[in-house]
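The values are calculated or read from the model by the stated rules, or taken from the named source; none is laboratory data. This structure is a prediction, so every number in the text was calculated from the model and none was measured. No Cβ is skipped: glycine too gets one built from the backbone with ideal geometry, and neighbour counts run over all protein chains shown.
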Amino acid sequence: MNKRFLLSACALLTTGLLTAGAATGATRASWPSLKSQLEKDRVPAGSPLAKLIAGNQDFQLLRTEEARDKIAVPLWLRVLWRKDHPSMEYVAGDGSGGYPLVLKEVYEWMRSHPELRPGEDGNGALEKDLDMGLEKKKPARGPVAVPGENLRISGAQISPRSESDIRVNYWNPSIIIGGSNNIQGRGTLAMFYSSDGGASWRQSVTPREVSESFQSDPAVDWTSDGTAWATAISISTTSTPFRLVLKAFKSTDNGATWKLDGVISGEGQEQADKQMMWTDHSERSPFKDTIHVIWHNGREVYVSHRSPAGGWSDPLQISGGETIGTGIGSDIKTDALGRVYAFWPDTGSRKIYFSRSTNGGQSFSKPVAIGSTSQSFQSIIPAQSDRGALVYVTGGAFINGKNTNIYAAWSDLSGATGCRTPIDDPFSNVNSACKTRIWFTRSTNGGTKWTKPRMLNNQTSKNDQFNPWLAVDETSGLIGIMYYDTVGEGRTKVNVFFQMSTNSGSSFNAPVRVSTGSSDGASSVDANQFGDYNALSGFAGTFFPSWTDRRDGGDEEIWTAPITIRASAASACRTVNLFTDSVGTGVASVVVPEGATQTQLAFSHRRHFVSGLNSGSLRVSIDGGSPVSVPDSAILAGASFAKGRDLSPVNTVVDLDAVCRAATGADCGGRSLRLLFSAGAASSAKDIWFLDDAAVTSCAP
């Protein structure tokens, strides 16, 4: 990081604090200053870790030679250890200094958890610095997500499709099913199925009874015997009273044909809405192949389950007095031991609730709040100004050693000033400062304690994120999340982005654009627009999202794209470091390998254009041609280069392939790029643009 960013904060932190003492026989200068220690580890000012370090500067407790030894344990941590273990002994010649080796891991944990709370989000120091889940100093190592070909799985249709679900068969990943609404068409669910791992798709429909007006809100899954399952809301508008009931369908030929299985919502319910389903896929679970469904009937939230040996259970109400509004937008998942986890938002209390079952869904615990929302129901945004974007919570679970990790994500207002109440929606105003973001929380102890919800990717631009869905690869524990983002698209057009976490949700990799064409919600003639939800399924290193797409400008359709998780960023991708610590301007050249994909530029920057006249700019010269400007649509994360100020450094990621495509019609593979940063002509002595840690990453085909 550019060191100047930390000087003022560290200076303030050291004011009034006790300076480090000197050891016997050594001068005060022999020991590092508090300021240099905080700066070295990039400790957030005022954090519990900063206070802990400041409170352990009693270096007179250490041996004089420790001021210059090679032990990879900071001096303040050694002081803390000695205070807690005064009987510690040192043997001359011991290279460890008498300290346990695990203190290095303690040091690492503290640096990445500056709040010093178990289960707290990792990379905390970086997130406070950058206000986003992106590592600044080096490109992420480990797995990388590589989107494949975009495929229209709904086929050519003459009526719009929306609100889709998709699921890979965990016992045979080459077989995949999906489904969507077909409200303006036949009124049955539109079903999609693939038997070649998603390379090609066919279409079918569910049966519809005469009494039904239409079916809506599909959810799909598999059981181990190869049966495909689907659930839907059955709407009967001609009945008295008007009825909404839940029905289940099944297919024994991989989705080619379907038949009715039964009614899920029971006899007394006629307002059943927004159901989600999930199958217990685990071979370790005593409830394997049990199908769970969650929905709301009016205010109350209900669940039902279907065991392999029998039909659907009676509806069980799991919400109580805590849900004072409507529990609309729920999800349900299981872990490897068959424990069931239910999630739902409440439009009244504006909270996200969670409940669990340890007996296969026969009973559930008392609901607990795991987060609060600014929005109560839906956000009216430029890209979804008719339908609105639901809060809709999506969950996941994974047993990681002794930890039972539970995850939840949802869409909500940013919570900034002027964007924290339901009346603050931007509506159709593309210039509104209020925007929606994807929020995330997790528990590492089965849902007893939860981290404070945080935004996954809080860009500084005026864009909206909505319709997220989360999936956990049960073979690895890797978390994937997809969502719409209007970034760089004038705020009415969306693209699908994907983020993943390889460390149980402590941090998420930079977003990767999945859709190769944007969709304009403002020009949609369908009142449903993009619908209330999308979907994501992941297994054995491949994720399949499904989403509503109208890239051709006509009716909404359902698309997917395989997202392959490559084992190693170090082996699959190459990073070229360009320059560090530049002020005002920066120029660098790089040659992109032939056939490379996902060519991205990452750099840290801080704008300080106080005059309101200047702005930063980034242009790219391709193969020696005239420099072209980087469009906002190519900025995947972080801030644009426009006028303004940043209170802290921001890490920005630019899709260089998008720049090359706009200029030449092809990606950057095999091309020579010259990057030109410029802060423009100085109109004020205070106008300045700080640049740092510029690097270009490209991945092998």
So Thr448 ticks every box in (1) touching a strand residue (DSSP E or B) at 6+ places or on another chain (Cβ under 6 Å); (2) under 24 Å from Ser285 (Cβ atoms); (3) surrounded by fewer than 19 Cβ atoms within 10 Å (Cβ to Cβ); (4) of a type outside the set (A, V, I, L, M) but one. Which box is left unticked? (1)
Some residue of segment 311-323 being under 24 Å from Asn169 (Cβ atoms), at pLDDT below 95 and outside the structural domain of Pro218 (by TED's automatic domain parsing): yes
Filter pass, Ser224 being more than 12 Å from Ile177 (Cα to Cα) and either surrounded by 23 or more Cβ atoms within 10 Å (Cβ to Cβ) or at pLDDT below 95 (or both): no
All positions within segment 38-67 that are under 36 Å from the mean Cα position of the chain (by Cα) and of a type in the set (D, E, K, R): Glu39, Lys40, Asp41, Arg42, Lys51
When Val205 is run through (1) surrounded by fewer than 21 Cβ atoms within 10 Å (Cβ to Cβ); (2) at pLDDT below 95, the failure sits at (2)
Quick check on Ser519: is it of a type in the set (Ser, Thr, Tyr), free of Cβ contacts under 8 Å to residues at least 60 places away in the same chain and assigned by TED's automatic domain parsing to the domain that holds Thr436? yes
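One line per residue, one yes/no per condition, for (1) more than 14 Å from the chain's Cα centre (by Cα); (2) at pLDDT 95 or above:
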{"site": "Asn429", "(1), (2)": "yes, yes"}
{"site": "Trp450", "(1), (2)": "yes, yes"}
{"site": "Ser461", "(1), (2)": "yes, no"}
{"site": "Val472", "(1), (2)": "no, yes"}
{"site": "Thr486", "(1), (2)": "yes, yes"}
Looking only at segment 168-203, which residues are of a type in the set (A, V, I, L, M), farther than 16 Å from Gly538 by Cα and not in a loop (DSSP other than H, G, I, E, B)? Ala190, Met191
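How many of the residues making up segment 232-247 are out of contact with any Pro (no Cβ under 7 Å at 6 or more places or on another chain) and either among the basic types (Lys, Arg) or crowded, with 19+ Cβ neighbours inside 10 Å (or both)? If you could, list the steps in order and put the result at the bottom.
Taking segment 232-247 as the starting set, the residues that turn out to be out of contact with any Pro (no Cβ under 7 Å at 6 or more places or on another chain) are 233-247.
Now narrow it down to the ones that are either among the basic types (Lys, Arg) or crowded, with 19+ Cβ neighbours inside 10 Å (or both): 233-235, 243-247.
Qualifying residue count, segment 232-247: 8.
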Mind checking whether some residue in segment 455-470 is touching a residue at least 40 places away in the same chain (Cβ under 8 Å), charged (D, E, K, R) and farther than 21 Å from Phe530 by Cβ? no
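Among the residues of segment 289-298, count how many are buried (at least 17 other Cβ atoms within 10 Å of the Cβ) and part of a loop (DSSP other than H, G, I, E, B).
Here is the first cut: in segment 289-298, the residues buried (at least 17 other Cβ atoms within 10 Å of the Cβ) are 289-297.
So of that shortlist, the ones also part of a loop (DSSP other than H, G, I, E, B) come out as 289-290.
Qualifying residue count, segment 289-298: 2.
Hand me the list of strands (runs of 3 or more DSSP E) wholly inside segment 316-369 holding 1 or more residues that are over 27 Å from Asp473 (Cα atoms). Let's see the steps before the verdict.
Values: elements: 331-334, 340-346, 351-357.
Fully inside segment 316-369 and qualifying: 340-346, 351-357.
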Lys250 vs. criteria outside the structural domain of Phe377 (by TED's automatic domain parsing), in contact with a His (Cβ under 7 Å, 6 or more places away or on another chain) and either under 25 Å from Trp469 (Cβ atoms) or buried (at least 18 other Cβ atoms within 10 Å of the Cβ) (or both): no
Out of (1) at pLDDT 95 or above; (2) out of contact with any Phe, Trp or Tyr (no Cβ under 6 Å at 6 or more places or on another chain); (3) part of a strand (DSSP E or B), what's the single condition that is false for Thr548? (2)
Please verify whether Arg356 is more than 29 Å from Thr492 (Cβ to Cβ), among the charged types (D, E, K, R) and in the same structural domain as Val487 (by TED's automatic domain parsing), treating the condition exactly as stated. yes
Under the condition of being buried (at least 23 other Cβ atoms within 10 Å of the Cβ) and not in a helix (DSSP H, G or I), which residue from segment 654-670 is modelled with the highest pLDDT? Cys668
Subset tally (residues that are buried (at least 22 other Cβ atoms within 10 Å of the Cβ) and touching a Phe, Trp or Tyr at 6+ places or on another chain (Cβ under 6 Å)) for segment 364-383: 2
Can you tell me which residues in segment 519-545 are surrounded by 24 or more Cβ atoms within 10 Å (Cβ to Cβ), part of a loop (DSSP other than H, G, I, E, B) and hydrophobic (A, V, I, L, M, F, W, C)? Phe530
Which of the residues belonging to segment 253-278 are buried (at least 19 other Cβ atoms within 10 Å of the Cβ) and outside any strand (DSSP E or B)? Asn254, Gly255, Trp258, Ile264, Ser265, Gln269
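Go through segment 572-594 residue by residue and tally those that are among the small types (Gly, Ala, Ser) and at pLDDT 85 or above.
From segment 572-594, those among the small types (Gly, Ala, Ser) are 572, 582, 584, 586, 588-589; that's our starting set.
Filter once more, keeping what is at pLDDT 85 or above: 588-589.
Matching residues across segment 572-594 total 2.
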Answer yes or no: is there a residue in segment 142-150 that is more than 21 Å from the chain's Cα centre (by Cα) and not assigned by TED's automatic domain parsing to the domain that holds Trp229. yes
